[in-house]
Amino acid sequence: MENTNKKTKITITLPTDAYFMSGIRDFTLNMIKNTTNFPEKWAFRFQSVVDELCNNAIEYGSAAGSEIRVTFVHEQDNYLEISVEDTGTGKNKINSEQLYKLLEEKKAPGYNFTGIRGRGLVKIVSEWSDELKIEDRKEGGLKVTVKKYLKDARVNPEGINQITNKITINQ
């Protein structure tokens, strides 16, 4: 069977400056609402996912004066995939294995979040995506990719598959 789904890929490079976050949030929301079959609530959720991934890359992964790269891949009527890459020059250098361990630790039942911060990757990114992949970049830094599958929105008003979360590290 031939796959006739149209695939679109958009890559945006941003300076490591929080000033540009409102633009990437707006772009994410408009791109999802106007080019995918995702319901509006999922467009807003993925806006939050992208915001969290970009903020982490800016705050921890790439030093001031550096960049982050955001890539959107949408296969019509199938999935939306978003990757955020940092340079590994930030204040808290961490590799994919360390980030995965931290994620698993915070996902454990009964984990006590003691502060207002540190929930984004666990509570926003991993819970609102079907797949989460964390990779070390050969140039340095991390590439974090999330993927959300969808069904034909005409059949299912929610428009979203309920696929169990899958987390992958360096594969």
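Tabulated values for the structure
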quantity: Computed E for A18/Y149 - FRET, C-beta separation, R0 35 angstrom, nearest 0.05; calculated: 0.70
quantity: Protection-proxy order for peptides 88-98, 56-66, each taking the mean of Cβ atoms within 10 Å per residue, highest first; calculated: 56-66, 88-98
quantity: Linear extension gain, K101 paired with K9, 0.36 nm per residue minus alpha-carbon span; calculated: 30.1 nm
quantity: Sorted by Cβ density within 10 Å, fewest first, the residues F44, F72; calculated: F44, F72
quantity: Too-long pairs where the Cα-Cα distance tops 27 Å, listed order kept, from K41/K138; K6/K93; K33/K147; K9/K101; K33/K138; calculated: K41/K138; K6/K93; K9/K101; K33/K138
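Rule-based calculations on the coordinates, nothing more; no lab input. Only a predicted model underlies this, so the values are computations on that prediction, with no experimental measurement involved. Because the Cβ atoms are built from the backbone with ideal geometry, glycine has one as well, and the counts that use them run over all protein chains shown.
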